[in-house]
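What follows is a single structure, written as structure tokens, with notes after it.
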Amino acid sequence: MSLPIYLIGARGCGKTTIGQALSQALGYAFSDTDHYLQLTTQRSVAEIVASEGWDSFRARETESLRAVTAPATVIATGGGMVLAEVNRRFMREHGQVIWLNAPSTVLADRLERQPEAAQRPTLTGRPIAEEMSDILRERAHLYRQTAHHEVNAMQAPEQVVDQILQSLSLARAS
Ligand SMILES: Nc1ncnc2c1ncn2[C@@H]1O[C@H](COP(=O)(O)OP(=O)(O)OP(=O)(O)O)[C@@H](O)[C@H]1O
Ligand SMILES: O=C(O)C1=C[C@@H](O)[C@@H](O)[C@H](O)C1
Ligand SMILES: [Mg+2]
């Protein structure tokens, strides 16, 4: 049985972009916990947070992780999935976990180009460059301790996918 592959990392590191390409390369299904929540609630992340608050969003996020977990599936997780110990343990126990790592300056640049504010509401109210620097400082150790493999997410998407395949000793399906 092929274990699920979880992609973790901060906003803008490419979990959705790389996850879709990786799933195609492997012939796996693709799921995204943020998209799953959007579909099942018919609300954006920003709307859920505005009406219920972050704690409720985080609880829903934990449910979404369990709901999308399936064999032969690449799962793009929300940037804050690693905050809860229960989520960190679940991912390590149920699959292979990949951290897409890039400096905060690169992440902030990508998010400035494509903010998608409905799915990425501000976490701190601070300018994006400062926020991403703070977020990585707070979370880097959680991404590191949760991941089985760390991949350089500054490379072109095709190279990121190849590095993940090499890390997992998996060949491309085609
Ligand atoms: N390796 C890459 N090189 C250049 N640009 C990239 C790369 N990966 C992703 N991007 C771009 O960065 C932006 C954010 O990517 P994406 O939405 O996949 O990130 P994410 O990790 O899923 O973010 P979130 O946690 O907010 O869902 C997109 O505009 C995407 O095209
Ligand atoms: O880094 C975070 O805490 C978040 C990342 C996004 O994927 C969304 O899950 C949400 O905007 C929160
Ligand atoms: Mg995403």
### Task
Mean Kyte-Doolittle of at least -1.0 plus a Cα span of 18 Å or more along the axis: flag which DSSP H helices in the chain meet both, please.
54-68, 128-146
### Message
Give me the percent relative contact order of the chain, please, defined on Cα pairs under 8 angstrom at least 6 residues apart.
### Response
34
### Query
With each pseudo-label sitting 7 Å past Cα toward Cβ, what's the Glu158-Glu47 distance in nm, one decimal?
3.8
### Query
Solvent-accessible area per residue for the chain at a 1.4 Å probe radius, Å²?
48
### Query
Taking amide H positions as placed 1.01 Å from N in the peptide plane, with prolines and chain starts having none, which residues 5 or more places from Glu150, or on another chain, fall under 5 Å of its amide H?
Trp99
### Task
Determine, for each peptide in 68-80, 115-127, the mean count of other beta carbons within 10 angstrom over its residues, then list the peptides with the highest first.
68-80, 115-127
### Query
So what is the calculated 222 nm ellipticity per residue for the chain, using -39500 (n - 2.57) for each DSSP H run with n of 4 or more, over all residues, to the nearest 500 deg cm²/dmol?
-16500 deg cm²/dmol
### Query
If you find the alpha carbon centre of the stretch 1-43 and of the stretch 106-173, how far apart are they in angstrom?
13
### Summary
For the Thr122, Thr62 Cβ pair and Förster radius 22 Å, calculated FRET efficiency rounded to 0.05 is 0.50
#### Entry: Size of charge dipole - the stretch 5-166 - debye, nearest 20, with Cβ of Lys, Arg +1 and Asp, Glu -1, no other charges
220
### Calculated FRET value between Gln145 and Asp109, using beta carbons and R₀ = 22 Å, to 0.05
0.25
#### Entry: Candidates His141, His94, His149, ranked by Gaussian network fluctuation over the chain, Cα under 10 Å, top entry
His141
### Task
Would you work out what percent of the accessible area of the stretch 13-126, with all protein chains in place, is carbon or sulfur (probe 1.4 Å)?
49
### Message
If amide hydrogens are placed 1.01 Å from N in the peptide plane, which non-local residues have theirs closer than 5 Å to the one on Val74?
### Response
Ile5, Ala29, Phe30, Ser31
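The values are calculated or read from the model by the stated rules, or taken from the named source; none is laboratory data. Note that the coordinates shown come from a computational prediction; the quantities given were computed from them, not determined experimentally. Note that each Cβ is placed from the backbone with ideal geometry, even for glycine, and that neighbours are counted across all protein chains shown. Note: accessible area is taken over every heavy atom of the protein model, side chains too, but ligands, DNA and RNA are not part of it. Shrake-Rupley method; radii C 1.70, N 1.55, O 1.52, S 1.80 Å.
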